[in-house]
Amino acid sequence: MTTAHIIILLATGLGAGFTSGLLGVGGAFIMTPVQTAVFISMGVPADIAIKLAFGTSMMVVLPTAISGVWRHGKKGIVWWKAAVVMGCCTLAGAFGGATLSTHLPGAVLSIVFGVVVLASGIRMLFFNELPQVELEPKNNPWLWAAWAIPIGVITGMLGLGGGILAVPVMVLALKSKMHTAVATSLAVMLFTSIGGLTGYIVNGLGAPNLPAYSIGYVNLPVWFLLAVTSIGMAQIGAATTHRLPAKHLRYIFAVVMFYIGLRMLGLFEWLGWPI
């Protein structure tokens with residue numbers, strides 16, 4: 001690993017942590033493309049690189065989510081009942097999704113990752129929120145579970161914390177307020193990341209062509225460089241959330257997802273744009 005790699009990963013951790021606290025996402029949709037490029041430049045085969053990126057992201061998500069949810073919890077806006085029910089379901093789903101991911105080609109995972117992120121961003125961008133007086137949160141544990149299981153499978157398969165799907169679901173399907181959805185999403189990710197992380201470690205043990213200091217599909221040096229900056233920035237992002245209107249949060253969320261989705265689909269590379 002070069003000095004340039006270290007600087008890039010530290011900077012990525014800053015961005016992922018801030019985004020995690022601000023938008024209630026794990027930040028994996030930022031970390032995954034960067035890690036994949038770093039691993040490939042280190043000589044890791046592309047098929048292994050993206051799986052390492054997924055697994056390592058899951059391990060970064062756990063402490064980052066703890067940091068962010070602690071800040072939101074102090075504000076009293078975490079919907080804990082929904083978080084626990086959905087979290088237990090996403091934990092099991094994420095383990096299954098991670099197991100499936102380790103048996104799929106890296107190119108397929110990259111395309112699916114891009115499509116899922118892009119679709120979520122488009123849906124959030126064009127969603128017209130109803131007035132708050134008309135919104136009644138769906139207080140139905142069976143409905144929470146029905147949404148949480150596929151969220152867990154998809155996010156485990158793609159190395160996501162889950163917030164990139166959980167936030168739109170909470171806002172659009174469960175009628176949660178945007179700020180509550182952001183905070184509760186982070187709480188759900190505590191469970192999701194454990195399930196996904198376990199899946200990537202167990203299924204990656206003994207895998208060939210792994211870089212040094214890897215436990216399954218988790219690389220410890222890369223994890224440390226990302227986590228050391230993301231944890232603190234999650235606090236700043238969470239504090240910033242409470243200063244922004246819900247509409248602004250939704251727009252930021254959608255635009256960031258739109259960019260990352262197109263980036264993973266290779267559009268900018270195809271156009272020759274260095275972004």
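Residues in the range 234-247 that are modelled with pLDDT of 70 or more and in a helix (DSSP H, G or I) were compared, and the one that is nearest to Leu14 (Cα to Cα) is Ala234.
Among the residues of the range 52-62, are any open to solvent by 40 Å² or more (accessible area, probe 1.4 Å) and part of a helix (DSSP H, G or I)? Scanning the range 52-62 turns up at least one residue that is open to solvent by 40 Å² or more (accessible area, probe 1.4 Å) and part of a helix (DSSP H, G or I). The set of residues from the range 169-199 being touching a Lys or Arg at 6+ places or on another chain (Cβ under 9 Å) and open to solvent by 10 Å² or more (accessible area, probe 1.4 Å) comprises Leu172, Ala173, Lys175, His179. Restricting attention to the range 71-90 and to residues that are open to solvent by less than 60 Å² (accessible area, probe 1.4 Å) and hydrophobic (A, V, I, L, M, F, W, C), the residue that is farthest from Val182 (Cα to Cα) turns out to be Cys89.
Would the range 81-99 turn up any residue that is in a helix (DSSP H, G or I) and modelled with pLDDT under 85? Checking the range 81-99: not a single residue is in a helix (DSSP H, G or I) and modelled with pLDDT under 85.
Does the range 9-19 contain at least one residue that is under 11 Å from the mean Cα position of the chain (by Cα), open to solvent by 10 Å² or more (accessible area, probe 1.4 Å) and either farther than 25 Å from Gly97 by Cβ or not basic (Lys, Arg) (or both)? The answer is yes; a qualifying residue exists. For Ser214, indicate whether it is small (Gly, Ala, Ser) and open to solvent by 10 Å² or more (accessible area, probe 1.4 Å). Yes: the conditions hold for Ser214.
If I filter the range 147-161 for residues that are open to solvent by less than 30 Å² (accessible area, probe 1.4 Å), closer than 18 Å to Thr56 by Cα, part of a helix (DSSP H, G or I) and at pLDDT below 75, do I get at least one hit? No, every residue in the range 147-161 fails to be open to solvent by less than 30 Å² (accessible area, probe 1.4 Å), closer than 18 Å to Thr56 by Cα, part of a helix (DSSP H, G or I) and at pLDDT below 75.
The values are calculated or read from the model by the stated rules, or taken from the named source; none is laboratory data. Model, not experiment: these values are computed from the prediction. When we count neighbours, we look across all protein chains shown, and the Cβ atoms used for this are built from the backbone with ideal geometry, even at glycine. Just the protein is used for accessible areas: all its heavy atoms, side chains included, with ligands, DNA and RNA removed. Shrake-Rupley method; radii C 1.70, N 1.55, O 1.52, S 1.80 Å.
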